[in-house]
Structure formats: C-alpha cells, structure tokens
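> Provided herewith is a single structure, encoded as structure tokens, for subsequent inquiry.
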Amino acid sequence: MTLPVIIVHGGATVFKELHHEEILIAIEKAALTGLSAMDKGGSAVDAVESSIWVLEETDLFTAGRGACENLDGDIEVDAMIMDGNRLDSGAVMAVRDIIHPISLARYVLERTPVMQIVGTGATRLYNNMIAEGYRKESELLRTMNIPIAHENDTVGCVAVDSNGHIASGSSTSGWPGKLPGRIGDSPIIGSGVYANELAGASCTGKGEQILRIVMGRMAVAYVENGVTVQEACHQSVRVLRDRTPGEGGLIMADYNGNLGLAFDTPHMPTAIAKDGKVAYSSMTPAINGK
Ligand code: ASP
C-alpha cells in the first residue's frame with residue numbers, strides 16, 4: 001500500500017442535501033491538507049491536527065466554528081488526538097468558546113505530562129498555548145446557522161505517515177441542547193479515538209452508545225486478533241447495532257496504509273488522500289464496494 005495516507009470523516013449522521021457538495025469539498029480539502037503535511041516530512045500526528053483544523057474552520061459540522069449550543073446556550077467542545085507509536089494522547093473536554101480544540105489537544109499531548117484536561121484547567125492551558133505562540137486561535141467569529149447535520153456530528157481523521165506511524169483524532173460539540181458539561185465518546189481514549197503501532201480508529205455517532213462498547217479500542221483489538229481493518233470496522237458497527245440503540249460509524253487505518261470504514265447512518269462523508277491527491281470521497285462511502 002501507499003504511504004503516507006489519510007482518511008477523514010465528517011460525522012455519521014444525516015446531512016441536508018443542499019450542503020452535500022460543500023461538505024465533500026471541505027473533507028477533501030482536509031484530507032489534502034493532512035497529506036501535504038506528511039509529504040513535507042510531517043508526522044501522522046501533524047497530519048491529523050492540520051486536517052481536523054481545516055474542518056473545525058468551516059461551519060459545516062457541529063465542531064469548531066460550526067459548534068452547537070448546549071441547553072444553556074453555551075458552546076462547549078471536545079477533541080482528542082492520539083499518537084499510536086508513543087501510545088500517548090491529549091484530550092480536552094467541555095472547553096468553552098474556542099474554535100480549534102484539536103490544537104489544544106495536541107498541546108496537551110506534546111507539552112503536558114497529563115492526557116485529559118477539562119473545564120477551567122483547559123481554558124487556562126489554552127491561554128498558555130496562545131501566549132507561548134504554540135498555535136494561533138482563529139478570530140472568534142461564529143455563524144449561528146441552523147445546524148447542517150440533523151443531530152449530532154463529529155469530525156475525525158486517521159493518518160499513517162511514511163514511517164508507518166499511525167495517529168487518529170476527533171473534534172466535536174456533541175449534539176444541540178446537550179446537558180452542560182456533557183462529554184461524549186469523542187475525547188475519551190479508547191471510545192471515540194484509539195491508535196497503537198498496529199492500527200488506529202476514529203469513531204462517530206451517539207456518544208452514549210459508543211462509550212458503552214468502548215468502540216475505538218474494540219476495533220483496534222479486532223485487528224490485533226488478525227482481521228483486516230475493513231472487517232474490524234464492520235464488526236464494530238455490528239456490535240454497536242446489536243448491543244446498543246445507537247447508530248454510528250468509524251474509519252480505520254493500519255500501519256501498512258490499509259484503510260477501512262463502516263457506518264449504519266444515512267451519511268458519513270469521507271475522503272481519502274494519497275499519492276499527492278484525493279483518491280476517493282463520498283457522502284455514502286464504501287471501500288472495495290462492500
Ligand atoms: N460522538 C459524538 C458525541 O457523542 C457525536 C458524533 O459523533 O456525531 O459527542
């Protein structure tokens with residue numbers, strides 16, 4: 001298989017048809033941005049951060065600039081990034097008002113001895129990050145459009161760099177009207193996101209259901225037990241469907257650059273980039289026609 005390679009999703013949900021084209025353009029751009037980071041010598045972690053950053057910058061998804069309000073009308077976002085080879089990750093939860101939680105999650109991964117930060121501690125860390133010049137924040141302009149996805153929505157990514165190192169990540173605001181302080185699967189290691197030296201996964205769907213089956217770690221464990229990433233995706237969605245009332249999906253990659261995906265919602269916009277270009281994109285993706 002070709003390395004580096006990247007697979008990006010825009011959430012397992014239902015998107016209004018009017019926006020399908022711009023959603024595909026956005027996820028293709030995100031996949032290309034991540035690929036180009038790796039083509040320039042960057043790591044899989046660089047690719048995941050830059051790719052998710054691009055999606056957070058649009059207002060098409062309930063993440064980043066398009067984040068939805070909770071029950072109190074506040075915006076609280078979650079994100080996680082995991083480096084499979086280091087078996088290390090950074091996650092931020094219920095952070096108020098920032099556009100790019102994925103960069104704060106990267107900061108947690110690279111610059112702190114901890115893995116998960118929430119609430120006022122996360123805000124303080126964010127201020128440190130900006131003051132240090134580690135990353136810049138976008139201007140805090142939000143468009144308060146009616147959400148394009150009908151319910152919950154998340155963006156996610158798995159990348160494999162030229163060394164065969166895997167990283168995965170996710171960014172979300174959960175669903176409109178969620179309880180203040182609610183955390184879904186996305187920033188929880190092993191549930192929404194997982195990666196080791198063999199494979200990585202990024203999940204999407206109803207967080208309360210994905211958490212019950214610890215879906216990301218489960219999917220990687222299937223690969224450890226000898227199945228392909230594509231079969232691991234199918235089996236994980238099957239468990240989600242059989243054991244919970246949830247719907248959802250996931251994307252995966254292994255260290256050879258083999259890719260997988262599965263979902264049981266109407267849409268899960270997905271783009272794959274390798275060899276310097278977008279190799280595939282679809283609102284209703286299928287790998288190998290399955
Ligand atoms: N899993 C996310 C959450 O529950 C939402 C989504 O993936 O659409 O926060």
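> Can you confirm whether segment 239-249 contains a residue that is modelled with pLDDT of 95 or more and either in contact with a His (Cβ under 7 Å, 6 or more places away or on another chain) or assigned to a strand (DSSP E or B) (or both)?
Taking every residue of segment 239-249 in turn, at least one turns out to be modelled with pLDDT of 95 or more and either in contact with a His (Cβ under 7 Å, 6 or more places away or on another chain) or assigned to a strand (DSSP E or B) (or both).
Yes/no per residue for (1) in contact (Cβ under 8 Å) with a residue 24 or more places away in the chain; (2) of a type outside the set (A, V, I, L, M, F, W, C); (3) surrounded by fewer than 21 Cβ atoms within 10 Å (Cβ to Cβ):
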| residue | (1), (2), (3) |
| --- | --- |
| VAL48 | yes, no, no |
| TRP53 | yes, no, no |
| GLU57 | yes, yes, yes |
| GLY66 | yes, yes, no |
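> Would you point out which residue out of THR112, THR172 is surrounded by fewer than 19 Cβ atoms within 10 Å (Cβ to Cβ) and at pLDDT 90 or above?
Unique residue meeting the criteria: THR112.
> Among the residues of segment 157-208, how many are of a type in the set (Gly, Ala, Ser), within 8 Å of the ligand (Cβ to nearest atom) and part of a strand (DSSP E or B)?
Residues in segment 157-208 being of a type in the set (Gly, Ala, Ser), within 8 Å of the ligand (Cβ to nearest atom) and part of a strand (DSSP E or B): 2 in total.
> Could you please tell me which pairs satisfy a Cβ distance under 9 Å, a separation of 6+ or placement on different chains, a first residue in segment 91-107 that is at positive phi, and a second residue that is outside any helix (DSSP H, G or I) and among the polar types (S, T, N, Q)?
Within 9 Å, the pairs are ALA94/ASN70.
> Would you pick out the residues in segment 1-19 that are surrounded by fewer than 24 Cβ atoms within 10 Å (Cβ to Cβ) and at pLDDT 95 or above?
LEU3
> How about segment 63-82: which of its residues are of a type outside the set (A, V, I, L, M) and over 13 Å from the mean Cα position of the chain (by Cα)?
Matches in segment 63-82: ARG65, GLY66, CYS68, GLU69, ASN70, ASP72, GLY73, ASP74, GLU76.
> Ok, one more. Collect the residues in segment 261-273 that are in contact with a strand residue (DSSP E or B) (Cβ under 6 Å, 6 or more places away or on another chain) and over 21 Å from ALA219 (Cβ atoms), keeping them in residue-number order.
The answer is ALA273, and nothing else.
> Could I ask something else about it? Of the residues ASP83, ASP78, ASP46, only one is modelled with pLDDT of 95 or more, within 16 Å of the ligand (Cβ to nearest atom) and not basic (Lys, Arg); which?
Criteria check complete, one pass: ASP78.
> Another question, then. Could you list, ordered by first residue, the pairs with Cβ atoms under 6 Å in which the first is in segment 228-254 and among the acidic types (Asp, Glu) and the second is part of a loop (DSSP other than H, G, I, E, B) and surrounded by fewer than 18 Cβ atoms within 10 Å (Cβ to Cβ), at least 6 apart or interchain?
Every condition considered, the pairs that remain are GLU247/ASP264.
> Quick one: how many residues across segment 1-22 are in contact with a Ser or Thr (Cβ under 9 Å, 6 or more places away or on another chain) and either charged (D, E, K, R) or within 16 Å of the ligand (Cβ to nearest atom) (or both)?
Of the residues in segment 1-22, 9 are in contact with a Ser or Thr (Cβ under 9 Å, 6 or more places away or on another chain) and either charged (D, E, K, R) or within 16 Å of the ligand (Cβ to nearest atom) (or both).
> If you don't mind, there's one more thing I want to ask. Can you name every residue in segment 24-46 that is over 18 Å from TYR134 (Cβ atoms) and surrounded by 24 or more Cβ atoms within 10 Å (Cβ to Cβ)?
ILE27, ALA30, ALA31, GLY34, LEU35, MET38, ALA44, listed by residue number.
> Kindly provide the set of residues from segment 209-226 that are more than 14 Å from the ligand (Cβ to nearest atom) and not polar (S, T, N, Q), ordered by number.
Once the filter is applied, which keeps residues that are more than 14 Å from the ligand (Cβ to nearest atom) and not polar (S, T, N, Q), segment 209-226 yields ARG217, MET218, ALA219, VAL220, ALA221, TYR222, VAL223, GLU224, GLY226.
Yes/no matrix, rows are residues, columns are (1) in contact with a Gly (Cβ under 8 Å, 6 or more places away or on another chain); (2) buried (at least 24 other Cβ atoms within 10 Å of the Cβ):
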position	(1), (2)
GLY200	yes, yes
GLU208	yes, no
MET215	yes, yes
ALA221	no, no
GLY226	no, no
SER236	no, yes
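The values are calculated or read from the model by the stated rules, or taken from the named source; none is laboratory data. Just so you know, these numbers come straight off a predicted model, no measurement behind them. Note that we place each Cβ from the backbone using ideal geometry, even for glycine, and neighbour counts take in every protein chain shown.
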